[in-house]
Amino acid sequence: MNPIAMQRLSVRMLYDWSLTTAIYDTGTDPILGVEVPAPARATLTRPPRELWRSDPYRQGRMVTALLRVFTATCAWTFVRAPDRPLTDFFLSIDFHRSIDARTSTVRAFGEWLSSTFCDLQEVASLAQLERALDDVRHARAPLQREPSASWSISPHARVLEVSTGTSDVLHATHQRLEAHPISATHAAVHGEWDGGALTIHRTQKERLLVHHEPNGVANISRISDPLYELLAALSSDGPHATLLAVAAEHGASAEDLDDLMRDLGEDGVVVHH
């Protein structure tokens, strides 16, 4: 095991004490399903195992940082499922893969929220939207190959399909939580706001464009089905033929498509190659 891999494993052990126990007792990594080489295990188990959990607030600090990104989502987890701790994230494959592969832990947390609380529509939908907002703020490029078309979606933009009402619930939740003088999570935990009037339609969908403006503001807007399909094709590295097909399906010509792409380029939603 090279030093970088060992360092990443040690970070995971600091946050997941069941992994630490497995390394000490069996020398295996049960999360990723691999054996830890004897020299690496000897190094990792040299200190007393209690030292790995000597900071009982480590998980809490990480969750606090993640709450700043997923404020509304986590508020709804406290309201709908107060018995399901957010620190369970550190036991998940999402967390461990993000550390092992050195990918975004914020994105991994959002994916974990969406999957773990999939039975709670508010949580699952808000997690999608707040993750997209964080992506565009930090200009995280969509996971795609080299673009095969002459246009691609900007790192500052995302399109997504969520349950109808999600954007309204996000706005209303932030408004209610920001009114609390201490913290958003405190208000949610202690029941100092009522989410009963905020509704998300489980069977209906809204299609949204999330765009980070040059002035630093991240905007959320509802978009038409044709525009969503076009931008979704760009997000998934659709070839130009696919873009033309989407345009033709909605009665637009190649010239109309070019004009639209130029307008979107001026708005910073797409980029030209």
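The values are calculated or read from the model by the stated rules, or taken from the named source; none is laboratory data. Since we're looking at a predicted model, the values are computed, not measured. Cβ placement follows ideal geometry from the backbone for every residue including glycine, while neighbour counts extend to all protein chains displayed.
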Considering segment 216-254 alone, what residues qualify as being modelled with pLDDT under 90, surrounded by fewer than 13 Cβ atoms within 10 Å (Cβ to Cβ) and part of a helix (DSSP H, G or I)?
Ala241, Glu249, Ala254
Taking segment 156-202 as the search range and keeping residues that are in a loop (DSSP other than H, G, I, E, B) and at pLDDT 90 or above, which one is farthest from Thr242 (Cα to Cα)?
Gly165
Candidates Ala22, Ala42, filtered to the one that is aliphatic (A, V, I, L, M), in contact with a Pro (Cβ under 7 Å, 6 or more places away or on another chain) and not assigned by TED's automatic domain parsing to the domain that holds Ala124:
Ala22
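If a residue must be at pLDDT below 85 and within 20 Å of His272 (Cβ to Cβ), how many such residues does segment 205-215 contain?
Residues meeting the conditions: 2.
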Could you count how many residues in segment 95-114 are part of a helix (DSSP H, G or I) and within 11 Å of the chain's Cα centre (by Cα)?
10
How many residues are surrounded by 18 or more Cβ atoms within 10 Å (Cβ to Cβ) and either among the basic types (Lys, Arg) or in contact with a Phe, Trp or Tyr (Cβ under 8 Å, 6 or more places away or on another chain) (or both) if we restrict to segment 87-97?
5
Taking the stated definitions as given, is Asp29 over 30 Å from Glu122 (Cα atoms), crowded, with 17+ Cβ neighbours inside 10 Å and of a type in the set (D, E, K, R)?
yes
Name the single residue that is farthest from the chain's Cα centre (by Cα) among those in segment 52-68 being surrounded by fewer than 11 Cβ atoms within 10 Å (Cβ to Cβ) and not polar (S, T, N, Q).
Pro56
What's the number of the condition Ser18 fails, among (1) in contact (Cβ under 8 Å) with a residue 24 or more places away in the chain; (2) more than 21 Å from Phe117 (Cβ to Cβ); (3) surrounded by 15 or more Cβ atoms within 10 Å (Cβ to Cβ)?
(3)
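Listed here are the residues, each with its yes/no results for (1) of a type in the set (A, V, I, L, M, F, W, C); (2) buried (at least 22 other Cβ atoms within 10 Å of the Cβ); (3) assigned by TED's automatic domain parsing to the domain that holds Arg8.
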position: Ala72; (1), (2), (3): yes, yes, no
position: Thr77; (1), (2), (3): no, yes, no
position: Asp83; (1), (2), (3): no, no, no
position: Leu113; (1), (2), (3): yes, yes, no
position: Cys118; (1), (2), (3): yes, no, no
position: Gln121; (1), (2), (3): no, no, no
position: Leu126; (1), (2), (3): yes, yes, no
position: Arg137; (1), (2), (3): no, no, no
